[in-house]
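**Q** I have a structure I would like to understand better, so I am pasting it below and will then ask my questions one at a time.
The values are calculated or read from the model by the stated rules, or taken from the named source; none is laboratory data. It should be emphasised that the depicted structure is a prediction, and the values quoted were computed from it without experimental measurement. All Cβ positions, glycine included, derive from the backbone under ideal geometry; neighbour counts span all protein chains shown. Surface areas here come from the heavy atoms of the whole protein model, side chains and all, with no ligands, DNA or RNA. Shrake-Rupley method; radii C 1.70, N 1.55, O 1.52, S 1.80 Å.
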Amino acid sequence: MLLLTSVVWLLALCTVSLGIGCPSIVSRSKWGGWPPKNRVPLRTPVRYVILHHTARNRCFTLASCSRLVRRIQNYHMDKRGWSDIGYNFLIGEDGRVYKGRGWSTRGAHAKNWNRKSLGISFIGNFSRIVPSAAALNAARRLIQCAVSRGFLSRSYTLKGHRNVNPTSCPGDSLYRVISQWPRFKA
Ligand SMILES: [Zn+2]
């Protein structure tokens, strides 16, 4: 019993020190979001993760990423007429995860795929450059977190937006990176 307890403690310690598990997520109130006008539940666990880029400015701090997330939400709600920011989550090059619609609300990010996927978007244009290591790590941890928390099937498939809709998203450089990730399938 003592041995078992020690092993459990050791595992817990390793988990904390290696940073395995769910990343902390910047709440909507923290980044200054509007509440959604409406929400449709997402039936989880979903089978797909679809990765995007926002195709515009990059950001490296909580303040500047929050400003860009607010700008994207305004664009999606005012110009596109959507009920909320389209993505489930966004990733800044500060290595933070920003909550969009979250785990259990259907997104508006990939036509015909929203009801069966989580949409995660890297903030920036990654056609010619790759996101920071901090951003890439945050995305991978978020995907693992989705599996461990039961929002994403264990046998999930990872895709880029271009694999499901006619778009260059998530940019050539980022696409090359994610196509090497576990469970990717074009
Ligand atoms: Zn996209």
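**Q** Please go through the range 40-49 and pick out each residue that is away from the ligand (no atom under 13 Å from the Cβ) and open to solvent by less than 30 Å² (accessible area, probe 1.4 Å).
**A** L42, V46
**Q** Still on this structure: For the range 105-123, give me the residue count where each residue is among the aliphatic types (A, V, I, L, M), closer than 21 Å to K37 by Cα and open to solvent by less than 10 Å² (accessible area, probe 1.4 Å).
**A** Total satisfying the criteria: 3.
**Q** So, in the range 50-96, exactly how many residues are among the β-branched types (V, I, T) and open to solvent by 20 Å² or more (accessible area, probe 1.4 Å)?
**A** Of the residues in that region, 3 qualify.
**Q** May I ask you to list pairs of residues, at least six apart or on different chains, whose Cβ atoms are under 7 Å apart, with the first in the range 95-116 being assigned to a loop (DSSP other than H, G, I, E, B) and the second being aromatic (F, W, Y) and open to solvent by 50 Å² or more (accessible area, probe 1.4 Å)?
**A** A108/W82
**Q** Suppose we filter R56, R70 for residues that are in a loop (DSSP other than H, G, I, E, B) and at pLDDT 95 or above; which single one remains?
**A** None of the other options fit; the residue is R56.
**Q** Please go through the range 140-165 and pick out each residue that is within 14 Å of the ligand (Cβ to nearest atom) and either in contact with a helix residue (DSSP H, G or I) (Cβ under 6 Å, 6 or more places away or on another chain) or under 24 Å from N57 (Cβ atoms) (or both).
**A** G160, H161, R162, N165 - these are the residues of the range 140-165 that are within 14 Å of the ligand (Cβ to nearest atom) and either in contact with a helix residue (DSSP H, G or I) (Cβ under 6 Å, 6 or more places away or on another chain) or under 24 Å from N57 (Cβ atoms) (or both).
**Q** Separate question: Of all the residues that make up the range 170-186, how many are assigned to a loop (DSSP other than H, G, I, E, B), within 16 Å of the ligand (Cβ to nearest atom) and open to solvent by 10 Å² or more (accessible area, probe 1.4 Å)?
**A** 2
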